[in-house]
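The values are calculated or read from the model by the stated rules, or taken from the named source; none is laboratory data. Just so it is clear, the structure is predicted and the values come from calculations on it, not from any experiment. Backbone-built Cβ (ideal geometry, glycine too); neighbour counts: all protein chains shown.
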């Protein structure tokens, strides 16, 4: 009976990169704020845009996807892009913008929008946008016009447009400035465009440095770990829907193992389900699942990030991990590495650019990945 009950095919939990969990908990307030903003903008009423920040594994990408669904439900076309560095991000924005423009009902502003897209595309290798006329000169600054012209086209169709940019802290600062200028101008012109940028906690500073007026443009949703009650809700509700229960002590073990980070919650619940032998799911089931859950996190979530760290930067990573949970002063990390602060500055900057660490405030650093210090001490033992 229980073999059938705990069929892994029926496992309701969903660990994965941006995979929607069966129960999205703890984010209702942020979703409600975005819903109001979307509806206000469609009604030509001013509203702030949104920054979503948090550590890796906290659910930024999942929330971004949820907000995209909300936007589509209330009459928005959505451009959703993961910033990948280089020109790839802008290339994706242009392709999606072109598709939206070409699918419009053909208002008078379509031609202008296509010319703006073409102008920027000429600065991006691998992007060609045929507009059926002589191409304008290449002009990266026209990215601002792409945003505003796109919003004007969808407004003619009585729609709105949402630009949802994930990993936004990696975007080139000049391109970020141009996008922000376009979003700002849409607000000034009363056009129905909603911007949502998601990224690591240093995104707020990157946006502020790109455009001094941006602090007034955005409301910030800083995602932290789920509360213990929210973790219990996230694991109990999906099981209850298919007739399975959790004992309270077993659910509490998932709270302890995950520290409230949604990706860890899903990973532990997923492997506990597969290890379960009775109903309700018990602490013994959680204990049996522990080797598989730990291995899954070590071999995928953590190891993939270690693999991308060049050998020259490993000593800095070891030094930061040796100090325990952060944040820590940059000078203390340098001392732990046996170096001076200037000697490790280049390593620090590259690790920030790679999304392994971030600077929560000036002169301080912290791992961008929950529990990463523990993994580094296990996987990379030895002196910094």
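Residues 210, 181, 152: which one is in the same structural domain as residue 104 (by TED's automatic domain parsing), farther than 30 Å from residue 356 by Cα and out of contact with any strand residue (DSSP E or B) (no Cβ under 7 Å at 6 or more places or on another chain)? On inspection, the qualifying residue turns out to be 152. Annotation note: of 374, 361, 378, the sole residue that is surrounded by fewer than 18 Cβ atoms within 10 Å (Cβ to Cβ), out of contact with any strand residue (DSSP E or B) (no Cβ under 8 Å at 6 or more places or on another chain), under 22 Å from residue 59 (Cα atoms) and modelled with pLDDT under 95 is 374.
If you go through region 56-111 and keep only what is surrounded by fewer than 21 Cβ atoms within 10 Å (Cβ to Cβ) and at positive phi, you end up with 75, 85, 86, 106.
In summary, helices (runs of 4 or more DSSP H) completely within region 196-291 and bearing 1 or more residues that are more than 30 Å from residue 70 (Cβ to Cβ) occur at 248-258, 262-275. Picking from residues in region 88-115 that are free of Cβ contacts under 8 Å to residues at least 40 places away in the same chain and part of a loop (DSSP other than H, G, I, E, B), the one that is nearest to residue 168 (Cα to Cα) is 103. Residues of region 62-81 include none that is out of contact with any helix residue (DSSP H, G or I) (no Cβ under 6 Å at 6 or more places or on another chain) and under 24 Å from residue 365 (Cα atoms).
Of all residues in region 301-313 being part of a helix (DSSP H, G or I) and in contact (Cβ under 8 Å) with a residue 24 or more places away in the chain, which is nearest to residue 242 (Cα to Cα)? By that ranking, first place goes to 301.
Out of curiosity, is residue 336 within 16 Å of residue 379 (Cα to Cα), surrounded by 17 or more Cβ atoms within 10 Å (Cβ to Cβ), in contact with a helix residue (DSSP H, G or I) (Cβ under 9 Å, 6 or more places away or on another chain) and in the same structural domain as residue 367 (by TED's automatic domain parsing)? So residue 336 does not fit the description; no.
Report yes if some residue within region 286-300 is surrounded by 14 or more Cβ atoms within 10 Å (Cβ to Cβ), over 24 Å from residue 58 (Cα atoms) and in contact (Cβ under 8 Å) with a residue 40 or more places away in the chain; otherwise report no. Scanning region 286-300 turns up no residue that is surrounded by 14 or more Cβ atoms within 10 Å (Cβ to Cβ), over 24 Å from residue 58 (Cα atoms) and in contact (Cβ under 8 Å) with a residue 40 or more places away in the chain. Might you let me know whether region 341-354 holds any residue that is within 20 Å of residue 374 (Cα to Cα), surrounded by fewer than 18 Cβ atoms within 10 Å (Cβ to Cβ) and out of contact with any strand residue (DSSP E or B) (no Cβ under 8 Å at 6 or more places or on another chain)? Yes - at least one qualifying residue is present in region 341-354.
When you check residue 230 against the structure, is it out of contact with any helix residue (DSSP H, G or I) (no Cβ under 7 Å at 6 or more places or on another chain), farther than 20 Å from residue 63 by Cβ and touching a residue at least 40 places away in the same chain (Cβ under 8 Å), yes or no? Step through it out loud before you land on a result.
Values: out of contact with any helix residue (DSSP H, G or I) (no Cβ under 7 Å at 6 or more places or on another chain): yes; farther than 20 Å from residue 63 by Cβ: no; touching a residue at least 40 places away in the same chain (Cβ under 8 Å): yes.
No; evaluated as a whole, the condition is false for this residue.
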